[in-house]
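Read through the structure below, which is laid out as structure tokens, and then see the notes.
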Amino acid sequence: MKLLKFFLVGIFFGIILVKSEAVSWYRIFEMFKFQSFHMYGIIGSAVFLGMLFLWLIKKTNLKSIDGDAIHLPPKDRGFVRYIIGGSIFGLGWALGGACPGPMYILLGTGVFSMLIVIAAAVLGTFVYGVLKDKLPH
């Protein structure tokens, strides 16, 4: 029962992504071909709201559900690692047709080929875990 709230938020998030067509392969394909603003609008809105909520958390010293102070560690400066990581993420997104969150939503909507994409994502995460100490961070 402790995890029920997360399950319900996940279902709500999934419904929002399906209804907004953010999990549609055709919308994602349009975005990568620069044919439609739809996905850029969704992503831009998410980035703006994320910035707004982080600003509010910092300004108001908002507490977590457990009453603990929310600590936001500063990001390490660097350019190359973000370009490389973003490129790998984008390549996986383009090849798989979905970023990590919508993979599970698409599986839930009956797109069973997402099992292959999820397996590849889990394998990629495992490989990163094995090689993490050898990679430049």
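The values are calculated or read from the model by the stated rules, or taken from the named source; none is laboratory data. As the structure is a computational prediction, the values presented were derived from the model and not from experiment. So basically every Cβ, Gly included, is an ideal-geometry build from the backbone, and we count neighbours across all protein chains shown. The protein model used for the area step is the full one, side chains on, heavy atoms only, and it has no ligands, DNA or RNA in it. Shrake-Rupley method; radii C 1.70, N 1.55, O 1.52, S 1.80 Å.
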Report task. Kindly state, to the nearest 0.05, the FRET efficiency for LEU8 paired with ILE65, given R0 = 22 Å and r defined as their beta-carbon distance. Result -> 0.95
**Report entry** Karplus (6.51, -1.76, 1.60) ³J(HN,Hα), θ = phi - 60°, over the stretch 111-116, in Hz, Gly and Pro reported as x
**Finding:** 8, 6, 5, 5, 4, 5
Query raised in the report: So, in nm, how far is label ASP133 from label ILE84 when the simple model puts each one 7 Å beyond its Cα toward the Cβ?
Result: 1.8 nm
Query raised in the report: Put a dot 7 Å past each Cα toward the Cβ at ARG27 and LYS58; how far apart are the dots in nm?
Result: 3.0 nm
Query raised in the report: Dividing the alpha-carbon radius of gyration of the chain by 2.2 N^0.38 Å (N being the number of residues), what value is obtained?
Result: 1.22
Report task. Could you pull the accessible area for VAL111 with a 1.4 Å probe, rounded to 10 Å²? Result -> 50 Å²
Query raised in the report: Ranked from highest to lowest mean number of other Cβ atoms within 10 Å per residue, what is the order of the peptides 50-57, 76-83?
Result: 50-57, 76-83
Query raised in the report: Among the lysines, which have Cα under 21 Å from the Cα of LYS59 when same-chain residues fewer than 8 positions away are ignored?
Result: LYS75
Query raised in the report: Of VAL47, PHE112, ILE16, which is farthest along the charge dipole of the chain in the positive direction, counting Lys and Arg as +1 and Asp and Glu as -1 at C-beta?
Result: VAL47
Requested in this report: Using a 1.4 Å probe and ignoring any ligands, DNA or RNA, find the accessible area of TYR104 and quote it in Å² to the nearest 10.
Outcome: 130 Å²
Query raised in the report: Given a 1.4 Å probe, how much area per residue of the chain is accessible, in Å²?
Result: 81 Å²
Report task. Could you work out how far apart the two model spin labels at LEU123 and ALA46 are, taking each label as a point 7 Å from the Cα in the direction of the beta carbon, and quote it in nm? Result -> 2.5 nm
Requested in this report: May I ask you to list the aspartates and glutamates whose Cα is less than 19 Å away from that of LYS58, ignoring any residue fewer than eight positions away on the same chain?
Outcome: ASP66, ASP68, ASP76
**Report entry** HN-Hα J in Hz across the stretch 30-40 - Karplus 6.51, -1.76, 1.60, θ = phi - 60°, x for Gly and Pro
**Finding:** 4, 5, 5, 9, 6, 9, 8, 8, 3, 5, 5
Query raised in the report: So what is the calculated 222 nm ellipticity per residue for the chain, using -39500 (n - 2.57) for each DSSP H run with n of 4 or more, over all residues, to the nearest 500 deg cm²/dmol?
Result: -22000 deg cm²/dmol
Query - Hits among lysines - C-alpha to C-alpha of LYS33 under 29 Å, sequence gap 8 or more where chains match - result: LYS19
Report summary line: Along the stretch 70-78, Karplus-curve 3J(HN,Hα) (6.51, -1.76, 1.60; θ = phi - 60°) to the nearest Hz, with x for Gly and Pro, reads 8, 9, 10, x, x, 6, 5, 6, x
